[in-house]
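Read the structure below first, then the notes.
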Amino acid sequence: VANLVPTRDGSRIGYIFIPTFLDSTIPDQIKKALDGFGELDGLIIDNRMNGGGSSSVLMPTLGFFTSGTVGHFISRTGKRPMEIQAKPVHNSQSVPLVVLIGKDTVSYAEVFSGVLQDLGRAKIVGQTSRGNVETLRGHNFPDGSQAWIAQESFQPIRSKVGWEKNGVKPDVEAYAEWDTFTFETDPGVTAAVKLLRSNQK
């Protein structure tokens, strides 16, 4: 889902809902949305239902909004950097961002949201996320069974906070049950628009 948020002052604020990082077409869908929006005054990215997925989807999606070393995967034997290549669409690398998160924001959705917050690229609105950012790897056994075991945690580049233990925390808390609001009355979107407007002043 991607659309412009109605605003009284004519500000061009985009909204993009990202349901998952499991779908390999997500980066292309976001690029298409950003192309369609053109230059924006602000952008809201909704990760409240995003349960995570694959780094091969996460990383190019992050590339629309930031670049460089954004953190490290930490294991018992060492660490490896997460390097993001910039893929700007219009002003996507500089547009003010707000990311919506909640209790259903998990895994790489937490990394996406937290990285943008950690780098100062985005403000976070919603509820503290689940706190489940370990990397899983499959191990095959002779009998055909398979076990997925956590191998690494993720550490952001600046704050080095532990999201695995505490989750990603919002800058502004906003929440209501899904069946109690429409898009026009969504408390998360309302709080996000307020943040973006204050950024323009």
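The values are calculated or read from the model by the stated rules, or taken from the named source; none is laboratory data. Computed from a prediction, not measured in an experiment: that's the story for all the values here. Using ideal geometry, Cβ is built from the backbone for each residue, glycine included, and neighbour counts are taken over all protein chains shown. Accessible surface is based on the protein model in full, side chains and every heavy atom, while ligands, DNA and RNA are left aside. Shrake-Rupley method; radii C 1.70, N 1.55, O 1.52, S 1.80 Å.
For the range 100-116, the set of residues classified as assigned to a loop (DSSP other than H, G, I, E, B) and either open to solvent by 10 Å² or more (accessible area, probe 1.4 Å) or free of Cβ contacts under 8 Å to residues at least 24 places away in the same chain (or both) consists of Lys103, Asp104, Val106, Ser107, listed by residue number.
Looking only at the range 29-59, which residues are open to solvent by 60 Å² or more (accessible area, probe 1.4 Å), within 21 Å of Glu83 (Cβ to Cβ) and of a type in the set (Gly, Ala, Ser)? Ser56 - this is the single residue of the range 29-59 that is open to solvent by 60 Å² or more (accessible area, probe 1.4 Å), within 21 Å of Glu83 (Cβ to Cβ) and of a type in the set (Gly, Ala, Ser). Within the range 1-28, take every residue that is more than 18 Å from Asn199 (Cβ to Cβ) and free of Cβ contacts under 8 Å to residues at least 12 places away in the same chain and give me the one that is least open to solvent (accessible area, probe 1.4 Å). By that ranking, first place goes to Thr25. Among the residues of this structure, Pro156 counts as one that is open to solvent by less than 30 Å² (accessible area, probe 1.4 Å), within 29 Å of Ser198 (Cβ to Cβ) and at pLDDT 90 or above. Here Leu119 meets the list (1) at pLDDT 95 or above; (2) loosely packed, with under 15 Cβ neighbours inside 10 Å; (3) not β-branched (Val, Ile, Thr) almost entirely, failing just condition (2).
Reported count of residues in the range 68-98, each being outside any strand (DSSP E or B), farther than 21 Å from Ser24 by Cβ and either in contact with a Pro (Cβ under 9 Å, 6 or more places away or on another chain) or small (Gly, Ala, Ser) (or both), is 1.
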